[in-house]
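Everything below concerns the one structure shown next.
The values are calculated or read from the model by the stated rules, or taken from the named source; none is laboratory data. All of these numbers come straight from a predicted model, not from anything done at the bench. Reconstructed Cβ throughout: ideal geometry from the backbone, glycine too, with neighbour counts over all protein chains shown. Just so you know, the surface numbers come from the protein's heavy atoms only, side chains and all, with ligands and any DNA or RNA stripped out. Shrake-Rupley method; radii C 1.70, N 1.55, O 1.52, S 1.80 Å.
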Amino acid sequence: MRSDTAPIRVLIADDHQLLLDGIATLLQSFPGVQLAGQATDGQQAVQQFDALLPDVTLMDLQMPVMSGLDAIGAIRARHPQARIIVLTTYKGDTQVLRAIRAGACGYVLKSALRHELLAAIQNVHAGRRHITPEIEAELALYACSDVLSNRELDVLKQVAQGNSNRETGALLQIKEETVKAHMSTILAKLGARDRTHAVTIALRRGILDA
């Protein structure tokens, strides 16, 4: 059993070696924190977690082989008490909610690591949730906004690829008039002026992947 005085053992998962090295160096400067291991893709993260059983895991979302979201889900399925903090450049509310639903306990922007990572590790290890204030504000801003349906999301993805209403209808095997109706709903839900604005909003909020 882990004693209260033992260091908090941390696993890092990110596909950028420079960032891994930077975080490892940062962890060495934190009192009461110890680097347990590293992984460079989601599958490795799951394997390393199984082998090391760290107290806290720092997880990137965009990784090869298995995404961070899938890795979080896989780890939490095997270890329901796993404490995972997402480290990312993405601050869109949709990405945050996906991570939280997958089982993440914290969400920290990579740009805020030096000032915020220690507090995030300590909070999550203590059983508290930690979300960067900037991201909390984003969540609050869109807390009551309508969620796009799966079909609306399909339409928006086709529009983001530059397809017209007619082309989108042909690709999705629906009528052009139906596509227009979906686009009207999408604009209203996102508070967008036009198709381009809708795609821009969707990318910023993480509704669409860049």
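Among the residues of region 144-155, is any assigned to a helix (DSSP H, G or I) and either in contact with a His (Cβ under 6 Å, 6 or more places away or on another chain) or touching a residue at least 60 places away in the same chain (Cβ under 8 Å) (or both)?
For region 144-155, residues assigned to a helix (DSSP H, G or I) and either in contact with a His (Cβ under 6 Å, 6 or more places away or on another chain) or touching a residue at least 60 places away in the same chain (Cβ under 8 Å) (or both): present.
Scanning region 193-206 for residues that are outside any helix (DSSP H, G or I) and over 17 Å from N163 (Cβ atoms) yields R193, G206. Scanning region 80-93 for residues that are open to solvent by 50 Å² or more (accessible area, probe 1.4 Å) and within 21 Å of A36 (Cβ to Cβ), we see that the one that is modelled with the highest pLDDT is R83. Only residues that are closer than 19 Å to V124 by Cβ and within 21 Å of the chain's Cα centre (by Cα) were counted in region 1-18, giving 5.
Select from region 7-51 the residues that are part of a strand (DSSP E or B), free of Cβ contacts under 8 Å to residues at least 40 places away in the same chain and open to solvent by less than 20 Å² (accessible area, probe 1.4 Å) and list them in ascending order.
Result: G37, A39.
Which of the residues spanning region 122-137 are of a type in the set (A, V, I, L, M), modelled with pLDDT under 90 and crowded, with 19+ Cβ neighbours inside 10 Å? Across region 122-137, the qualifying residues are I131, I135.
Residues A160, A188: which one is within 19 Å of R205 (Cα to Cα), open to solvent by 40 Å² or more (accessible area, probe 1.4 Å) and in contact with a helix residue (DSSP H, G or I) (Cβ under 7 Å, 6 or more places away or on another chain)? Of A160, A188, the one residue that is within 19 Å of R205 (Cα to Cα), open to solvent by 40 Å² or more (accessible area, probe 1.4 Å) and in contact with a helix residue (DSSP H, G or I) (Cβ under 7 Å, 6 or more places away or on another chain) is A160. Residue count for region 54-91 satisfying the condition of being polar (S, T, N, Q) and in a loop (DSSP other than H, G, I, E, B): 4.
Would you confirm, using the coordinates I've provided, whether A71 is of a type in the set (G, A, S), crowded, with 21+ Cβ neighbours inside 10 Å and within 21 Å of N123 (Cα to Cα)? Here the answer is no, as A71 does not meet what is asked.
Scanning region 167-176 for residues that are assigned to a helix (DSSP H, G or I), open to solvent by 40 Å² or more (accessible area, probe 1.4 Å) and touching a helix residue (DSSP H, G or I) at 6+ places or on another chain (Cβ under 8 Å) yields E167, L171, E176.
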